[in-house]
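Participant: Structure provided below as structure tokens; questions to follow.
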Amino acid sequence: MSWSRRSAEPASTSRDSGASRAALSLLWGAILCCISTAIAAQWTPLARDEIHDPSSPALRMLQEPAQALSTLPRDSAGNQVDWMRALNEGNIAPRAKLNDEAPIRLREDHILLNLRGGMPIVRFPHRSHTQWLDCSNCHEHIFKSKVGANRLSMFAILQGEQCGVCHGAVSFPLTECARCHNTPREKK
């Protein structure tokens, strides 16, 4: 129970007003989410992306993002492409390794990370990573192949280290927390 500052009477705690505020807050959140998704879904032309030189004659040799990406499965984050779905449906066929003679090592196991924190546990899917990458892309320089040898840090990840080498750069962005923190903790 909360109390009003002006009297010794309890402050209004009507369920209707609380439910109305929650519903209104939820509605505004949904509206803002839809607007931001619609804005983000519009790929910026190369001449306006603040990366490419708009006066360069070579610019017209490049394919525009809207043309290149619009036929791929959609996602709600990052560059709006669901890359894993595109891979699994055969829309794309990336090269997993630079050396064509090296064997592809597809791993099917999961590793559970963040076992002691307050956030949901991170279930790291080796398969979705080894479909794209050879093990040497991450091991032994970014991550050691030994249990307990890697001290993961969200600060380091946000600084572009560890998982942040790809996530936030070429993979889905770090704002999609639930994609990594995806396994509920057991209730005690």
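The values are calculated or read from the model by the stated rules, or taken from the named source; none is laboratory data. What you see is a predicted model, and the numbers here were worked out from it, not measured in a lab. A quick note on method: Cβ atoms are made from the backbone with ideal geometry, for glycine too, and the neighbour counts reach across all protein chains shown.
Participant: Evaluate the following for residue 102: is it out of contact with any Phe, Trp or Tyr (no Cβ under 7 Å at 6 or more places or on another chain), more than 26 Å from residue 162 (Cα to Cα) and modelled with pLDDT under 90? Walk me through how you get there before you give the answer.
Facilitator: Details: out of contact with any Phe, Trp or Tyr (no Cβ under 7 Å at 6 or more places or on another chain): yes; more than 26 Å from residue 162 (Cα to Cα): no; modelled with pLDDT under 90: yes.
Criteria not met by residue 102.
Participant: Being more than 30 Å from residue 51 (Cα to Cα), assigned to a loop (DSSP other than H, G, I, E, B) and of a type outside the set (Asp, Glu): is that true of residue 94 here?
Facilitator: No; evaluated as a whole, the condition is false for this residue.
Participant: Give the residue that is surrounded by the most Cβ atoms within 10 Å (Cβ to Cβ), with candidates limited to residues of the range 116-170 that are under 22 Å from residue 103 (Cα atoms) and among the hydroxyl-bearing types (Ser, Thr, Tyr).
Facilitator: For the range 116-170, the residue satisfying everything is 130.
Participant: If you don't mind, there's one more thing I want to ask. Is it the case that the range 73-83 has a residue that's closer than 17 Å to residue 179 by Cα and part of a helix (DSSP H, G or I)?
Facilitator: The answer is yes; a qualifying residue exists.
Participant: List pairs: first residue in the range 136-157 and of a type in the set (Ser, Thr, Tyr), second residue surrounded by fewer than 10 Cβ atoms within 10 Å (Cβ to Cβ) and assigned to a strand (DSSP E or B) anywhere in the structure, Cβ distance under 6 angstrom, at least six positions apart or on different chains.
Facilitator: none
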